[in-house]
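First up is the structure itself, then whatever we jot down about it.
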Amino acid sequence: DGGITQSPKYLFRKEGQNVTLSCEQNLNHDAMYWYRQDPGQGLRLIYYSQIVNDFQKGDIAEGYSVSREKKESFPLTVTSAQKNPTAFYLCASSIDGAAGNTIYFGEGSWLTVV
Amino acid sequence: AQSVTQPDIHITVSEGASLELRCNYSYGATPYLFWYVQSPGQGLQLLLKYFSGDTLVQGIKGFEAEFKRSQSSFNLRKPSVHWSDAAEYFCAVGAGGQNFVFGPGTRLSVLP
């Protein structure tokens, strides 16, 4: 089945640690996204990649980093500089970044700081 | 810049009753409009989208939405709500790339 796979579903991080959330898609989409969702709130864009080896910061990029070395993969690293990382993280993709294209989502990853 | 508002944070309806979720947008050109649904702890699923043409759009799960340019609105409707419709609903304007903007969401509760 074509889709977007995020792993792990649940992740616990100690203070001061970096963690990486995986996102893989087999939809042959060029554009990929990372969003953060806090309880009872909407989606905020962390990073956006329109094509391999290119990405742009979103509204809340501080404390996060990404790479896009392969078309199908867009991992997100939550660094120790992110002061409040506990949240639900959603990876998404679209066929390209053109206006009007549907964005498709993975099932999300929960990150908790312990 | 484009923006989306959903005036209702939380709505409760009885099973079998009709539903209307409100969405207003701000966008300078012809908007591409979307409705998504999210069950707790899950990703978002597309319900329907509007590009152009017929202003009444049919979607999955018996949902429909009507685009009204004069009111800058794209309200989501369902004639008879089922308990399984309880979820969070997001309206969005798809202006391309990182300009795909979501509203804050409306949480729907369904009473038996």
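A compact table of results
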| read-out | value |
| --- | --- |
| Karplus-derived 3J(HN,Hα), 6.51/-1.76/1.60, for each residue of segment B:31-39, Hz, glycine and proline x | x, 9, 10, 9, 10, 10, 10, 10, 7 |
| Contact surface B-A: accessible area buried, both sides summed, square angstrom, 1.4 angstrom probe | 1600 |
| Segment A:89-114 and segment B:50-104: distance between their alpha carbon centers, rounded to Å | 18 |
| Average partner coverage of B:99-112, which counts Cβ from other chains inside 10 Å | 3 |
| Under 5 Å, built H, 5+ apart or other chain: amide partners of residue A:107 | A:6 |
| Viscosity 0.890 mPa s, temperature 25 °C, Stokes-Einstein D of chain A from Kirkwood C-alpha radius, µm²/s | 175 |
| Derived scalar couplings ³J(HN,Hα) [segment B:89-99; Karplus, 6.51 cos²θ - 1.76 cosθ + 1.60; whole Hz; x for Gly, Pro] | 10, 10, 9, 8, 10, x, 8, x, x, 6, 9 |
| Surface accessible to a 1.4 Å probe, per residue, for the residues of segment A:73-114, Å² | 33 |
| The protein assembly as shown: radius of gyration and largest Cα-Cα distance (Dmax), Å | 17.6, 53 |
| Translational diffusion coefficient (Stokes-Einstein; Kirkwood radius from C-alpha pairs) of chain B at 4 °C, 1.567 mPa s, in µm²/s | 92 |
| HN-Hα J in Hz across segment A:7-12 - Karplus 6.51, -1.76, 1.60, θ = phi - 60°, x for Gly and Pro | 8, x, 6, 10, 9, 10 |
| Average beta-carbon neighbours from other chains, 10 Å sphere, peptide B:36-43 | 5 |
| Accessible solvent surface per residue of segment B:1-98, calculated while the other protein chains remain in place, 1.4 angstrom probe, Å² | 46 |
| Shielding of A:97-110 by partner chains, average beta-carbon count, 10 Å | 6 |
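The values are calculated or read from the model by the stated rules, or taken from the named source; none is laboratory data. A quick note: this is a predicted structure, and the numbers were derived from the prediction, not measured. Please note: Cβ atoms are built from the backbone with ideal geometry, for glycine as well, and neighbour counts cover all protein chains shown. Just the protein is used for accessible areas: all its heavy atoms, side chains included, with ligands, DNA and RNA removed. Shrake-Rupley method; radii C 1.70, N 1.55, O 1.52, S 1.80 Å.
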